[in-house]
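Beneath this line is the structure, given in structure tokens, with notes to follow.
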Ligand SMILES: Nc1nc2c(ncn2[C@@H]2O[C@H](COP(=O)(O)OP(=O)(O)O)[C@@H](O)[C@H]2O)c(=O)[nH]1
Ligand SMILES: [Mg+2]
Ligand SMILES: [Zn+2]
């Protein structure tokens, strides 16, 4: 009697469909946000498993699986088929760096062109790379598995004539660091950039006004990622008001390096150039503060690629365009711009340990009367006392309270 393989039948539940349905269920239930880190609670695990079939080698009856997968013995040429079945795609391997994450694909700069057959079409500067089918279907609790700055390995099937090259992602190298945030949905963690060395918060004194709440969010976010952060005050040609000056002093007191610059006049660019020549810097800042202008001022070679004065995040029709980070490589140091990313809520943290990313709270919390003090309303709170005594700036405390309220339990 023919053996009915354990994988048979279950394979028909397309993983993608299944995971979508789970998502809808979760949404319709509403309620509390999911646990960070997994994206799902443990209680949901059995339900999730049901949608998945783990195929052991022993379970794979070759003839059945070939038939079922409709792959046959021919090489799979189309990406759509490969997506679904993790089929074999042939071509030379290459390594590279992801410069931008787009809808489902990764724009990748290859370290060196792979050896392609003679009379293949010329390779583009940036190769559009797609993940293998399976990678897209597992719910990991992460909004994205690959980020700008990731080191990857790809397969590059040769193409001829006018066909477009498309790489297949085969491997993502371990990261030396990640800059990540809680996704605005509150349900997953989003890696904005990988293998970065420092975060630069770009702000302007005027037009748009200086926003300390934003600075505090990025500072907490960077600290939770163990990344050093600096503050760049751009547009100093427009003047700096006394209130902003006072806040800059507060940040300086907290050990945050402060740069003052004008992309317009070129003032203050030298120290930035010097500070960013080594490694990789991520620029964060509201639209209009001058991130693109600074990029072009520091790297005139990018003038063709980077558009200044572009309203990012929203098109004229009011729909969202890309909010994706873009890596600009250069021998004078690499810079990642994050246009359209406005929310920086620290990931890997919760209400109980947010204090750790506020140095002036971390250093005083031992003085609180209660070990589980939230530093918001408690009697005998050393932090509230320090705010009242003028030792902690009220705006910093206000930022702490705001972030606290926006975090999951
Ligand atoms: N006065 C002045 N204007 C600037 C400066 N840097 C940028 N701008 C202007 O601010 C606007 C937004 O700049 P942009 O670089 O596109 O900001 P981004 O959205 O942060 O990338 C543009 O009109 C720039 O010309 C500066 O240092 N001084
Ligand atoms: Mg810009
Ligand atoms: Zn307290």
Completion exercise
Checking rank on 99-105, 164-170, with mean other Cβ inside 10 Å and highest first, the result is 164-170, 99-105
Practice task
Quickly rank 185-191, 250-256 as a protection proxy: mean count of other C-beta atoms within 10 Å, highest first.
Solution key: 185-191, 250-256
Practice task
Kindly give the semi-axes, whole Å and largest first, of the ellipsoid equivalent to the stretch 354-406, taking each as the square root of 5 times a Cα gyration tensor eigenvalue.
Solution key: 14, 13, 10
Exercise for the section: Using the 2.2 N^0.38 Å rule of thumb for compact globular proteins, work out how the stretch 202-285 stacks up: its C-alpha Rg over that value, please. Expected result: 1.05
Fill in the blank from the handout: Checking rank on 335-348, 200-213, with mean other Cβ inside 10 Å and highest first, the result is 335-348, 200-213
Problem - Distance in nm between pseudo-label sites at residue 95 and residue 402 (7 Å out along the Cβ direction from Cα) - result: 4.3 nm
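Would you calculate the volume per residue, in Å³, of the smallest convex hull containing every Cα atom of the stretch 178-337?
119 Å³
Every read-out reported here was derived from the displayed coordinates using simple, explicitly stated rules and does not represent laboratory data. In this text, all values refer to a predicted model and were calculated from it rather than measured experimentally. Cβ sites come from the backbone with ideal geometry, for glycine too, and all protein chains shown count toward neighbours.
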